[in-house]
Amino acid sequence: MASLDTRILSAGTALPGPPVDNATLARRFGMDALWEQWVDAFIGTRTRHLAVDVETGKVNFSLADLAEQAGRTALERAGLTGADIDLVVMGTSTPDQLMPATVNVVADRLGIDDVPSYQLQSGCSGAVQALDVARQLLLTGRHRTALVLGGDVVARFYDLDAPLASLPPAQLVNFVLFGDGAGAAVLTTDDAADAVRLRAVHTRLVGRGREPGAVLEWFGPVDRDSDRAPAAEDYKAIERYVPGMAAEVLDALLDELGWARDQVDHLLPPQLSGRMTERIVRALGLPGATEISCVDATGNNGNGLSFFQLEQALARLGPGERALGIAIESSKWIKSGFALERD
């Protein structure tokens, strides 16, 4: 019996509403032109899409709304329906509720039932962890076709009345780094012409003894009046550790597959921010690889990012071409990546 292989049939993504640029944020929060220049110079994110109307505070999209859109698009592009899916896995750091799990709400909307479903609670690496879980289960031979989902809605954690000018950097940076969005991919072990193979997936927790680089709180009735910030980033720690972790993932994937650096045609680098991505790409040293990035336009939408890059990669990968994707999670330091190759 021939060994099984995992193929990616399609990907789909969803963004909430129109792009919100830095000038709009500056006007909404009473910041001056110097703040806009700081965002451009040090963050490099031009726009982001938000599930919350920054003027009114109204929540216009849930994570389930966005994941449903992305999943429906991926299914349509694969020529499948929910009835063809026999496994669902989702990665997110911001589920709509603690229960029911958002993955199950999305599955219900897409007509998927009587299948195993899993929701992983994780930061940016959760998308790759979800791909890994789906791939491992598919390779057992017990399942044939999986829908993998990932996304985050961070804007609902914003305090729209916060005095940005007086916030410490660990809180201020969240208002410009993040956006909202979701993505999906259809994986199968069936033969498929012109398929993109998911050749390898790498995930490792490396946070032993390290303080969290990002914290996202979940307040309940007992501590809803806590003075803890709902979201905080140790951006300096992220700048210090993420480039090296990305290089480690790159080397691990190349070693596992026996690929040389000049055999990588496309690079899907970590997407914390536009400026950080530029630095990481330079440090990785793959001058022959075409960069596939999205964060300067979408903002950092967490577990959605890898799917936005994957969607572009599926369209760009030519016959025999290879791609490497890398995602780093700073909350408790997880490094992850994946390798693609088109037949």
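Worth a mention:
- Per-region count, the range 220-279, residues among the hydroxyl-bearing types (S, T, Y) and buried (at least 20 other Cβ atoms within 10 Å of the Cβ): 3
- Taken over the range 34-48, the criterion of being in contact with a strand residue (DSSP E or B) (Cβ under 7 Å, 6 or more places away or on another chain) and surrounded by fewer than 22 Cβ atoms within 10 Å (Cβ to Cβ) is satisfied by R46, T47.
- The residue list L25, L75, L80 contains one member that is part of a helix (DSSP H, G or I), more than 18 Å from S306 (Cα to Cα) and touching a helix residue (DSSP H, G or I) at 6+ places or on another chain (Cβ under 9 Å), which is L25.
- Selection within the range 139-160 - assigned to a helix (DSSP H, G or I) and surrounded by fewer than 24 Cβ atoms within 10 Å (Cβ to Cβ): R156, F157
- Filtered residues of the range 298-331 (kept if hydrophobic (A, V, I, L, M, F, W, C) and either in contact (Cβ under 8 Å) with a residue 24 or more places away in the chain or not assigned by TED's automatic domain parsing to the domain that holds V249 (or both)): L305, F307, F308, L310, A313, L314, L317, A323, L324, I326, A327, I328
- Among the residues of the range 268-304, just one is of a type in the set (V, I, T) and assigned to a strand (DSSP E or B), namely T290.
- Checklist (1) part of a helix (DSSP H, G or I); (2) free of Cβ contacts under 8 Å to residues at least 40 places away in the same chain; (3) small (G, A, S) applied to G111, failing item: (1)
- Neighbours by Cβ (under 6 Å, 6+ apart or cross-chain): first from the range 87-102, assigned by TED's automatic domain parsing to the domain that holds V52 and touching a residue at least 12 places away in the same chain (Cβ under 8 Å); second among the acidic types (D, E) and part of a loop (DSSP other than H, G, I, E, B): T102/D96
- Scope the range 116-137; condition of a type in the set (A, V, I, L, M), surrounded by fewer than 24 Cβ atoms within 10 Å (Cβ to Cβ) and in contact (Cβ under 8 Å) with a residue 40 or more places away in the chain; matching residues: V133, L137
The values are calculated or read from the model by the stated rules, or taken from the named source; none is laboratory data. Small disclaimer: the values here were computed from a predicted structure and weren't measured. All Cβ positions, glycine included, derive from the backbone under ideal geometry; neighbour counts span all protein chains shown.
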